[in-house]
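Enquirer: Take this structure, written in structure tokens, and hold onto it; I'll ask about it next.
The values are calculated or read from the model by the stated rules, or taken from the named source; none is laboratory data. Remember, predicted model here, so these are calculated numbers, not experimental data. When the accessible area is computed, the model is the full protein with side chains, heavy atoms only, and any ligands, DNA or RNA have been set aside. Shrake-Rupley method; radii C 1.70, N 1.55, O 1.52, S 1.80 Å.
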Amino acid sequence: MLIKLHLMFVVLSLGSFLGRVALTQYRPEMMQLKWVNIAPHVINGMLLLTGFSLAFQYVGDYGWIIAKLVALLGYVGLGIMTLKLTDEKRWYAFGGALLCFIYIAKVAVTKSAMFF
């Protein structure tokens, strides 16, 4: 049950990020709405809570969990840059954030921190 809940928050987190990128590009005035700024924090908070709960179920090798946390920091940092920048640098940060997300998903499935 906890895994399904965590996966739901993963999908909601990615969806909220992609939605905010689209809003920033095409309807920046909507980024001023209170719920647009609060909802992603609630979703990501629940994502972290369920992720930490799942991590405590594993005993032994934590290298892949640490790799996910480091990649998560990259995803968050690049996501912030994506939403703040206005020129072509935004799209480089966006691509980097998506690559971090893909890496996190790959590590979650394989339980290995290796890139390939």
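Enquirer: From the protein chains alone at 1.4 Å, what is the descending order of accessible area for ARG90, ARG27, largest first?
Expert: Largest accessible area first, the list is ARG27, ARG90.
Enquirer: While we're here: Give or take rounding to whole Å, what are the principal axis extents of the alpha carbon atoms in the chain, in descending order?
Expert: Dimensions of the chain along the principal axes of its Cα atoms: 47, 29, 16 Å.
Enquirer: As a test of the formula, what do you get for the chain when each DSSP H run with n ≥ 4 contributes -39,500 (n - 2.57) and the sum is divided by the residue count, at 222 nm and rounded to the nearest 500 deg cm²/dmol? Provide the component values of the computation, followed by the final result.
Expert: Details: 4 runs with 91 residues, N = 116.
Here the helix-only value at 222 nm equals -27500 deg cm²/dmol.
Enquirer: Roll a 1.4 angstrom probe over the protein heavy atoms and tell me the percent of accessible area of the chain that is carbon or sulfur.
Expert: Values: 5900 of 7820 Å².
Heavy-atom surface of the chain belonging to carbon and sulfur, 1.4 Å probe: 75 percent.
Enquirer: Note the full-extension length gain between MET1 and ILE102 as 0.36 nm times their separation in residues minus their Cα-Cα distance, in nm to one decimal. Walk me through the intermediate numbers first.
Expert: Working: separation 101, 0.36 × 101 = 36.36 nm, distance 2.31 nm.
Stretched out fully, the MET1 to ILE102 stretch lengthens by 34.0 nm.
Enquirer: Ignoring ligands and nucleic acids, what accessible area does PHE115 show with a 1.4 Å probe (Å², nearest 10)?
Expert: 150 Å²
Enquirer: Roughly how many Å is it from the Cα centre of region 67-83 to that of region 1-65, as a whole number?
Expert: Region 67-83 and region 1-65 have Cα centres spaced 12 Å from each other.
Enquirer: Find the eigenvalues of the gyration tensor of the Cα atoms of region 73-116, then list the square roots of 5 times those eigenvalues as equivalent ellipsoid semi-axes, largest first, in whole angstrom. If you can, show how the numbers build up before the last one.
Expert: Details: eigenvalues 117, 15, 7 Å².
Gyration-tensor ellipsoid for region 73-116: 24, 9, 6 Å.
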